[in-house]
Every structure is written in structure tokens, then in C-alpha cells.
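Okay, structure first, notes after.
A short reminder: the numbers here are calculations on the coordinates, not readings from a lab. Note that the coordinates shown come from a computational prediction; the quantities given were computed from them, not determined experimentally. Ideal geometry is used to build each Cβ from the backbone, glycine not excepted, and the neighbour counts take in all protein chains shown.
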Amino acid sequence: MSGDPGGDLDTVSNVLVLAPRLDGAGADACASLLVDGGDALDRLVVVAVGQTPTEWHSRLTQHVTGTLPEIDYIDVKTLTRSTATSTETVDAPAPVATISSPADLVSLGTAINDRLSAAAEQGEHVGLCLHSITDMLQFVDRESVFKFLHAVSARVRNVDAVAYYDLDNDAPDEKLETMFAHLCDTVVSVEGGEMSVSAGYYTPASSESES
């Protein structure tokens, strides 16, 4: 993927990635940003909803030019994905946690928080990817997903991590994009294989109290 905006992402914390679903453009963008988006990361935490940890590991390996950091996979099961990948025979990287459904936001939030907290205790700079918001919205209403990501994005800022949240823009929903952009300081848009960077709508003064 060309148009890598890594130099523009050195000081970001929460990034909304708007990309078409076709050919896995959003996943490719997130993988590229994780391994070459800005400051070097000591650990990656990948929340795999739309694709399996195996698919994600392959994608990250294709994008990295050196050695991959340590990776924790949180495998969020969906019936559609399980059916589509039931014949997969490649050995999958062991997930740090397996969540039975995207609707189990409590367990998912706990798994993410545990990984971020453990990394912070070790002094590691961690990069989180949630792929994807669109997949979660097939199981959870947008208000619940927003509240969930509000808590996740606050935790990301508190531990000085960086997070990328993928949202499909094949059929752009301006209201939905604006809604999630309010949680992010940066928006990366992917079009025609090119990435561009713009400001998100998050401002500390307008946010709710975070803990």
C-alpha cells in the first residue's frame, strides 16, 4: 500500500481507519500502520473479529520489513467467520484470549484492558488494532459499540498506547464516521490504495471524565 503516512502519526493515540472492505484494504492499512505507522512498538494487540488470528499473522508478516514485535491475539468468534474458515488447516498463533461473541463486550473489554495493563507494567509501548467496528456492528448496536470504544480509547490514552479502529467506508455513512471520529485524534482514509491523514474530533475539553 502506497502513500504511507507514518511520519504524520508519530504522536497519535487513537486512530479511526476508514477503508473499503474490498480485498481487505482496511486490514492491510491497519497492518501497515501497526508495523510502520510511527514510533516503534514493543507489542501488538490484535482484536480479530472479521478475520482469524492466522489470517492476521500472515498479513502482518507480509507487511513487516524486519522482525515482528510480540503479538497478542484476541480471537472474537462469529458464526459467519467460523463457517467460512472451518476448513482452515494452517496452525494458528495461540490467542491470548478467545471471546465467544462480539456481543460479549464485558469479556472483550477485560481482555483488552488486561493486555494494555500488562504492557504498561512492563514499560512496553503497545499498539492495538480492532478489526473491525463494522463487524462488531453486525452484532451490537452502534450506541453500545460507541460506549465500549469510549472506554477502550480512554484506556489507550492513559497507558500512552496507540490504537487503530477499522471502519468500512464502502457505503459511506457520514453520521457513523463522525460518531466514531469523536473518539479519535486522527483519521486515516484509504482510497485507491493511498492513505491520507486528517484530524479526528476528539478533544480533551469536550470529552467525558475518563478513568
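Amide H contacts under 5 Å for I99: D75, V76, K77, restricted to partners 5 or more places along the chain or on a different chain, H placed in the peptide plane at 1.01 Å from N. Of the beta bridges in segment 92-211, as assigned by DSSP with both residues counted there, near 60 percent are antiparallel. Summary value for the chain: 33 percent relative contact order, contacts being C-alpha pairs under 8 angstrom separated by 6+ residues.
Sorting M179, M195, M136 by the number of Cβ atoms found within 10 Å of their own Cβ, with the fewest placed first, yields M179, M195, M136. Computed about its Cα centre, the charge dipole of the chain is approximately 440 debye, with only Lys, Arg, Asp and Glu carrying charge at their Cβ.
Sorted ascending by nearby beta carbons within 10 Å, beginning with the fewest, T52, T178 become T178, T52. From the coordinates of this entry, Cα extents along the principal axes in Å is computed, and it appears in (i) 49, 41, 35; (ii) 77, 43, 23; (iii) 90, 41, 27 under the label (i). Among T186, T78, the ranking by other beta carbons within 10 Å of each residue's beta carbon, starting with the fewest, stands as T78, T186. When the convex hull of its Cα atoms is viewed from all sides, segment 101-211 shows a mean projected area of 7.6 nm².
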